[in-house]
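Report on the following structure.
The values are calculated or read from the model by the stated rules, or taken from the named source; none is laboratory data. All of these numbers come straight from a predicted model, not from anything done at the bench. Cβ placement follows ideal geometry from the backbone for every residue including glycine, while neighbour counts extend to all protein chains displayed.
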Amino acid sequence: MVKVSLVVPVYNVENYLARCLDYCINQSYVDIEIICINDGSTDGSLNILNHYQKLDSRIKIINKENGGLSSARNAGIAAASGKYVLFVDSDDFISTIAVEKLVENAEKYNSDMVVFDYINHNGHEYIQHTIDEPSITSDKCFNIDTLGGIMYNRIPVATCFKLYNLSFIKENEILFDEGLIYEDVAYYAKVFTKAKRITYLSEPLYSYTIFRDGRILERCDEKLLDIFSVYEIAEKNLRESGYYEKYKLAFESSMISDIMWKFSVINNELKPIFFERFHNLEKFINLESYKDIFLPEFMKNSLIVYQYVKKANTYDEFLDILRREGNGY
């Protein structure tokens with residue numbers, strides 16, 4: 001067996017952590033290490049970690065000052081000793097057959113990265129998400145040269161829905177950008193521009209908790225402005241690797257729709273500040289360029305509303321245009 005490192009960042013998740021660790025220690029694949037990075041938790045999370053470490057010696061605890069999710073994941077990468085690494089957020093959980101299935105696929109195809117399906121759950125219902133794309137199948141490898149636009153409108157950006165070859169990560173020095181939220185956006189571009197052999201496993205192996213207090217996606221404060229920084233990093237990576245023009249339409253439509261969503265949820269008093277950053281974004285979208293490209297309705301609507309953002313000089317002017325056009329955001 002090859003060893004697999006499960007990297008579990010932990011910060012104030014005492015209500016979810018035991019469930020996450022139960023699924024980790026009960027994997028059908030036993031040659032694992034479970035690296036838990038206690039990122040300065042102030043609740044009972046560390047007590048739970050200590051309890052589980054007594055139950056299972058494969059659990060390793062790293063205690064550090066709070067530095068955010070990127071910092072914790074980078075600490076996990078540095079400590080990992082497995083051939084593969086799988087990131088598991090501590091308020092989520094993985095199937096008990098996840099590691100077994102992923103290693104089988106990675107070893108069969110010598111993969112740098114394995115992308116797989118996931119399930120959203122809110123405590124009441126479970127919704128499976130799969131990659132609905134005929135060109136990606138479980139019996140062949142692909143990479144950025146063969147993907148086309150589906151890199152940004154079919155494959156999920158989230159880090160946790162992928163198994164990584166640790167040598168691939170370390171040899172290419174691919175780390176998370178610390179101090180920012182939405183770090184997955186930048187990391188996604190880094191791994192996809194470097195990976196030569198990517199495979200897809202059409203099985204829902206990860207369960208993602210949609211709603212919980214304190215989750216990054218629930219934020220509506222000034223940290224939402226980080227969305228501009230992570231897309232700048234992602235674009236820089238695409239440009240430096242020579243792939244920006246190929247993915248320009250897919251990347252920019254994904255970026256605009258993502259930023260538009262953050263714009264809609266940020267606190268009202270911060271909307272004028274967000275608008276100014278959005279207005280000054282040096283992107284000039286030609287809607288005609290997208291007429292023959294499939295886009296979900298929310299993306300189409302976001303591109304239309306972005307025209308209003310560019311047309312208006314102030315947030316109040318933007319709201320006036322929205323009222324005239326009868327278009328929400």
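In table form, for the structure just shown:
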item	result
Where a residue in region 214-226 is β-branched (Val, Ile, Thr) and its partner, wherever it lies, is surrounded by 15 or more Cβ atoms within 10 Å (Cβ to Cβ) and modelled with pLDDT of 65 or more, with Cβ under 8 Å and at least six apart	Ile216/Leu69; Ile216/Ile181; Ile216/Tyr182
Looking only at region 94-143, and only at residues there that are within 20 Å of the chain's Cα centre (by Cα) and without any contact (Cβ under 8 Å) to a residue 60 or more places away in the chain, the one that is surrounded by the fewest Cβ atoms within 10 Å (Cβ to Cβ)	Asp132
Test result for Asn105, more than 27 Å from Ser202 (Cα to Cα) and polar (S, T, N, Q)	no
Residue in region 98-109 that is within 29 Å of Asp226 (Cβ to Cβ) and in contact with a Lys or Arg (Cβ under 8 Å, 6 or more places away or on another chain) present	no
Residue satisfying condition, being part of a helix (DSSP H, G or I), surrounded by 14 or more Cβ atoms within 10 Å (Cβ to Cβ) and among the charged types (D, E, K, R), within set Glu252, Glu288	Glu252
Leading residue by the ranking (modelled with the highest pLDDT) among those in region 200-230 that are β-branched (Val, Ile, Thr) and either farther than 30 Å from Cys141 by Cβ or not assigned by TED's automatic domain parsing to the domain that holds Ser264 (or both)	Ile227
Residues of region 76-101 that turn out to be over 24 Å from Ile61 (Cβ atoms) and not in a loop (DSSP other than H, G, I, E, B), as a count	2
Pairs, first free of Cβ contacts under 8 Å to residues at least 12 places away in the same chain in region 160-171, second surrounded by 18 or more Cβ atoms within 10 Å (Cβ to Cβ), C-beta under 8 Å, six or more apart	none
Tabulated pairs, region 30-50, first within 12 Å of Leu17 (Cα to Cα) and in the same structural domain as Ile62 (by TED's automatic domain parsing), second of a type in the set (Asp, Glu) and modelled with pLDDT of 95 or more, C-beta under 7 angstrom, 6+ apart or interchain	Asp43/Glu14; Gly44/Glu14; Ser45/Glu14; Ile48/Glu14
Checklist (1) at pLDDT below 95; (2) within 23 Å of the chain's Cα centre (by Cα) applied to Leu21, failing item	(1)
Within region 8-58, considering residues that are in a helix (DSSP H, G or I) and among the polar types (S, T, N, Q), the one farthest from Leu102 (Cα to Cα)	Asn47
Verdict on Ile59 being buried (at least 17 other Cβ atoms within 10 Å of the Cβ) and touching a Gly at 6+ places or on another chain (Cβ under 6 Å)	no
